[in-house]
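S.K.: Can you keep this structure in mind? I'll have questions shortly.
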Amino acid sequence: MSRSFRDWLSEGEAIYAEAIKEYQSLEAQIQQLEARLVEKKSEVNQIAQLIGKPSVEGPRRVSAQIIEEDEAPPGVAVGAVTRALTGRNVR
């Protein structure tokens, strides 16, 4: 049975809406966990200070964004950065 373009588009929009809700839910959970982690780090470091143990530093979070060559800030050689990150000769 052949579906119309409108049916196909509606289904795609429904899938997208569900995926967005899941993404936002996961993002909220991450923010809650990061807040709890900051609180726990503070608690652990207070205890560590009282009993003479080293404090915890926690992992450093790194974020990155993929940009296209035409989106790069002036003076940034995207090809050179790509080669450096991948260890390949990309042109």
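S.K.: Computed from the coordinates I sent, Rg and Dmax of the Cα atoms in Å equals one of (1) 12.9, 41; (2) 23.1, 73; (3) 16.2, 57. Tell me the label.
M.R.: Recomputing Rg and Dmax of the Cα atoms in Å here gives the entry labelled (2).
S.K.: Continuing with the same structure: Can you list the HN-Hα couplings for segment 4-20, worked out from phi with the Karplus curve (6.51, -1.76, 1.60; θ = phi - 60°), rounded to whole Hz and with x for Gly and Pro?
M.R.: 7, 4, 4, 4, 4, 5, 4, 5, x, 5, 5, 5, 4, 4, 5, 5, 5
S.K.: Just to be sure I understand: with springs between alpha-carbon atoms less than 10 Å apart, which residue in ALA19, ALA80, ALA48 has the highest mean-square fluctuation in the Gaussian network model of the chain?
M.R.: Most flexible of the set in this elastic network: ALA80.
S.K.: Springs between alpha-carbon pairs under 10 angstrom, Gaussian network model over the chain: which of GLU27, GLU71, GLU57 fluctuates most?
M.R.: Most flexible of the set in this elastic network: GLU71.
S.K.: Also, I was wondering about something else. In the Gaussian network model of the chain, springs joining C-alpha atoms below 10 Å, which of ILE30, ILE66, ILE51 carries the largest mean-square fluctuation?
M.R.: Looking only at ILE30, ILE66, ILE51, the largest GNM fluctuation is found for ILE66.
Coordinate-derived values only; no laboratory data. Values in this document were obtained by computation on a predicted structure and should not be read as measured data.
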